[in-house]
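Structure record follows, encoded as C-alpha cells.
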Amino acid sequence: MITLALSKGRIFEETLPLLAAAGIQVLEDPESSRKLILPTNQPDVRVVLVRATDVPTYVAYGGADIGVAGRDVLIEHGGAGLYQPLDLQIAQCRMSVAVRDDFDYAGVVQQGSRLRVATKYTSIARQHFAEKGVHVDLIKLYGSMELAPLTGLADAIVDLVSTGSTLKANRLVEVERIMDISSRLVVNQAALKLKREALKPLIDAIAAAVGQPAGSRPA
Ligand SMILES: Nc1ncnc2c1ncn2[C@@H]1O[C@H](COP(=O)(O)OP(=O)(O)OP(=O)(O)O)[C@@H](O)[C@H]1O
Ligand SMILES: O=P(O)(O)OC[C@H]1O[C@H](OP(=O)(O)OP(=O)(O)O)[C@H](O)[C@@H]1O
C-alpha cells in the first residue's frame, strides 16, 4: 500500500492532473466527503487528507509514504527525513514583505529602527531580515496576517502573495519579494528504499508529467 498525503484545496486540485498522468484517480471528492482517507482506482494507492503544514510531518514519520507540500511549509518544517525529488510547479506564488500603503518601509530600514513583523513563516522571515541586517521583533500568527499592520499589531507582514488582490483589498503594498514558492513532491526516505518498486514508477510518471527528471533538490 502507498499512502499519499495531500491537503484539501489548491494542492489537492492541482495534484489531481499529475496523478492522472500516473494512472491514478481519486475516487471521492474531499469537498463533499467527510472521509480523511480516500480510495483511488489503484487498490494499493490511497490518499490521506491533512493540513498543509502537517504534510512534511506525516511523510517524515511514515504516516504517509509520499506527499505534496509548499516550499514555504518545507522550509519552516526543516525537511529532515524527507527526500524531495521534484518541484511540481503547482500552487505557485511568492513570499513577500508587505506594509500599509502609508508606511515608510525604506525609511525605517535605512534608519536602522526595529521593525515589528507578523508572520506564520518565522524561519523564512528571520533569515530574510538577518541577511539584510534589519533588526526585527517577530510576532507569530496562524492566519489573517494582513490584519496585523491595519490594527497596529505589526509594522510589516511576511506572507504569500499570488495575484496581489488580498494585499490590495487591505490597502497593503508589497515592498520586498523574498522568494518564489511552488509545491514539491516529498518522500519518506525509508519508504523510498523499502517500497522502491512501487514508488519509483509513480515518481517517474509524475516527473514525466511535469517535464523534469527526478532528483533530490534542496528546499
Ligand atoms: N494564493 C496562493 N496562490 C498560490 N499558491 C498558494 C497561495 N496561497 C498558498 N499557496 C501555496 O499552497 C500551499 C497550501 O495553501 P493552503 O491555503 O491550501 O493551506 P494553508 O491554509 O496555508 O495551510 P494550513 O491549513 O496548514 O494553515 C501553501 O503552503 C503555499 O505553498
Ligand atoms: O495574492 P492573492 O492572490 O490574494 O493570494 C494571497 C493570499 O493567498 C493565501 O491565502 P489563501 O487564499 O490560501 O487563504 P487561507 O490561507 O486563509 O487558506 C495567502 O495567505 C494570502 O492571504
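The values are calculated or read from the model by the stated rules, or taken from the named source; none is laboratory data. Predicted model only: the values in this text are computed from it and were never measured. When we count neighbours, we look across all protein chains shown, and the Cβ atoms used for this are built from the backbone with ideal geometry, even at glycine. SASA here: full protein model, heavy atoms, side chains in, ligands and nucleic acids out. Shrake-Rupley method; radii C 1.70, N 1.55, O 1.52, S 1.80 Å.
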Neighbour net charge for Ser162 - beta-carbon separation under 13 angstrom, K R +1, D E -1: -1
Evaluated over segment 45-167, the Cα radius of gyration and Dmax, each in Å: 16.6, 56
Gain upon complete extension [Ile37, Leu194; 0.36 nm per residue less C-alpha separation]: 54.3 nm
Kirkwood hydrodynamic radius of the chain, from inverse mean 1/r over distinct Cα pairs, in Å: 18.6 Å
Fully extended contour minus Cα-Cα distance, from Ile139 to Arg171, at 0.36 nm per residue: 9.5 nm
Candidate lysines - alpha carbon under 22 Å from Lys120, same-chain residues fewer than 8 apart omitted: Lys8, Lys132, Lys140, Lys168
Where only alpha carbons of segment 133-184 are counted, the Rg and the Dmax (Å): 11.8, 35
0 to 90° range, to nearest 10: angle between helix 10-21 axis and the chain longest Cα axis: 30 degrees
Local net charge near Arg171, Cβ-Cβ under 9 Å (Lys/Arg +1, Asp/Glu -1): 0
Surface accessible to a 1.4 Å probe, Asp159 within the full protein complex, Å²: 20 Å²
Percent accessible area from carbon and sulfur atoms, segment 29-84, protein chains only, probe 1.4 Å: 49 percent
Kirkwood-type radius of segment 20-82, with distances r between different C-alpha atoms, in Å: 12.8 Å
Rounded percent of accessible protein surface that carbon and sulfur make up, segment 142-219, 1.4 Å probe: 55 percent
DSSP loop chymotrypsin sites (Phe, Trp or Tyr not before Pro) with at most 12 other Cβ within 10 Å: longest gap in the chain: 62-141
